[in-house]
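Here the structure comes first, spelled out in structure tokens, and everything after it is commentary.
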Amino acid sequence: MASSASQSLPSDNLIHVFWDEGMLKHDTGRGVFDTGIDPGFLDVLEKHPENSDRVKNMLSILKRGPISPFISWHHGRPAHISELSSFHTQEYVNELIEADRNGGKELCGGTFLNPGSWDAALLAAGSTLSAMKHIIDRHGKIAYALVRPPGHHAQPTQADGYCFLNNAGLAVQLALDGGCRKVVVLDIDVHYGNGTAEGFYHSDKVLTISLHMNHGSWGPSHPQGGTVEELGEGEGFGYNLNIPLPNGTGDKGYGYAMQHLVVPAIEKFEPDMMVLVVGQDSSAFIELLCILLTQETSCTRLTFQFDPNGRQCLTMEGYREIGRTIRGMANKYSNGRLLIVQEGGYHVTYSAYCLHATLEGVLNVSEPLLSDPIAYYPEDESFPTKVIEAIKDHFLKMIS
């Protein structure tokens, strides 16, 4: 049901959010970072980065933040097992079902299927499918699947990087099955959207674009490197555009990549459906601390904080501009139809702020609804710009 605050607003100015409280029941545990390991000599073990607190703040900022009048709330649902085969193999789905039946399993590094996790994963997949169907059935043009566990690393045959089911991939296939000719997936999570790319690697119906930190492969669960050489295969050659950005790339670098790589690729592809896969783990901020030493003197200290899982430097304004750009592309090519799917973002506070900013951009508001309370970044975009130009030259050379 739509929230009462949104009832009087034009449907084109609403974001239809799909959510279910059951996704909070995915308990990833505690340990040393994401390992789940208790070494025995620490009194305080930290929560796994992909914990429910991060999503609780995203939920609350949409309900009580300045953007709330533009939000229409919808109940999510669990995916049916039969729906999963559009992206995943039955053997892999059976492996997940068996792991759940046996009380849980660590499927790969940091990726724990614990009691309650499988139900949450089905809710995440089903809620994303419902969000896409909402758009396809013309009930709204912009929908946001606020979901966890995330999904963009999950490949057709295996889990990876906190992900069990590829929520975005399932939604893309639903769009294709529902009559869409071509779909663009733009992934701005700090990590390569390898699972989604793998699922459509041989298809010329889906253009997958990923802007990510240049992290490379991280083992058997993530064999893809996210390099410029991974362009797709067969009919899909030229339809996977990887943009591995150097560590420390900020608003200007991302903006340059959007305007010189992403926008031209979308314009050439001419999609009739757009999917924005969003993670706030590309964010960072600097806190300016002024310390009074005496009545006459003081010192200033800059405290730099990355997202726990990233080393990029997007601020709220950078996310806002990405949202604005992708909305413009949707208006131009897909009749305004845009699905947004939540992925990473592990700074419990700033991720929620950056989500708010992204959706402000999607709404194309004239002035920011929420100011950035802490961001300050003296960015030098010269090196990222050189890298982006090299990627552009390589991509054009390879597909020409």
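The values are calculated or read from the model by the stated rules, or taken from the named source; none is laboratory data. What you see is a predicted model, and the numbers here were worked out from it, not measured in a lab. Here Cβ is always computed from backbone atoms with ideal geometry, including for glycine, and neighbour counts include all displayed protein chains. Accessible surface areas use protein heavy atoms only, side chains included; no ligands, DNA or RNA. Shrake-Rupley method; radii C 1.70, N 1.55, O 1.52, S 1.80 Å.
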In debye, nearest 20, what is the charge dipole magnitude of the chain about its Cα centre with +1 on Lys and Arg Cβ and -1 on Asp and Glu Cβ, if you could check?
-> 980 debye
In deg cm²/dmol and to the nearest 500, what is the mean residue ellipticity at 222 nm of the chain if only DSSP H runs of at least 4 residues count, each as -39500 (n - 2.57), divided by the residue total?
-> -10000 deg cm²/dmol
Taking the Cα-to-Cβ direction at residue 38 and at residue 396 and moving 7 Å from each Cα, how far apart do the two end points lie in nm?
-> 5.8 nm
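Work through the residues other than residue 400 whose Cβ is under 13 Å from its Cβ and net out their charges, Lys, Arg +1 and Asp, Glu -1.
On the way: positive: 268, 392, 397; negative: 393.
Taking every Cβ under 13 Å from that of residue 400, the sum is +2.
I need to check one value: relative contact order of the stretch 61-153, counting alpha carbon pairs closer than 8 Å and at least 6 residues apart, in percent.
Numbers: 81 pairs, mean separation 26.7, N = 93.
The normalised contact order for the stretch 61-153 reaches 29 percent.
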Do any of 252/386; 205/332; 25/105; 332/386; 268/332 go past 22 Å between their Cα atoms, and which?
-> 332/386
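What does the charge count near residue 273 come to, summing +1 for each Lys or Arg and -1 for each Asp or Glu among other residues with Cβ under 9 Å from its Cβ? Mind showing how you got there, number by number?
Values: positive: 181, 182, 337; negative: 272.
Neighbourhood net charge equals +2.
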Rank 226, 154, 214 by how far each Cα sits towards the positive end of the charge dipole of the stretch 137-238 (+1 on Lys, Arg Cβ; -1 on Asp, Glu Cβ) and give me just the farthest.
-> 154
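In the chain, what is the volume of the convex hull around the alpha carbon atoms, normalised per residue and reported in Å³?
Numbers: hull volume 60.7 nm³, N = 400.
With only Cα atoms used, the chain gives 152 Å³ per residue.
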Under unit Cβ charges (Lys, Arg +1; Asp, Glu -1), what dipole magnitude, rounded to 20 debye, does the stretch 22-147 have relative to its Cα centre?
-> 820 debye
With each label point set 7 Å from Cα along the Cα-Cβ vector, what nm distance links residue 267 and residue 379?
-> 2.1 nm
So how much accessible area does residue 47 have, in Å² to the nearest 10, using a 1.4 Å probe?
-> 80 Å²
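Give a quick list of trypsin sites (Lys or Arg not before Pro) in the stretch 76-184 that DSSP marks as loop, anything other than H, G, I, E or B, with at most 11 other Cβ atoms within 10 Å. Provide the component values of the computation, followed by the final result.
Details: sites: 101, 105, 133, 138, 141, 181, 182; in loops: 138, 141, 181, 182.
Answer by residue number: 138, 181.
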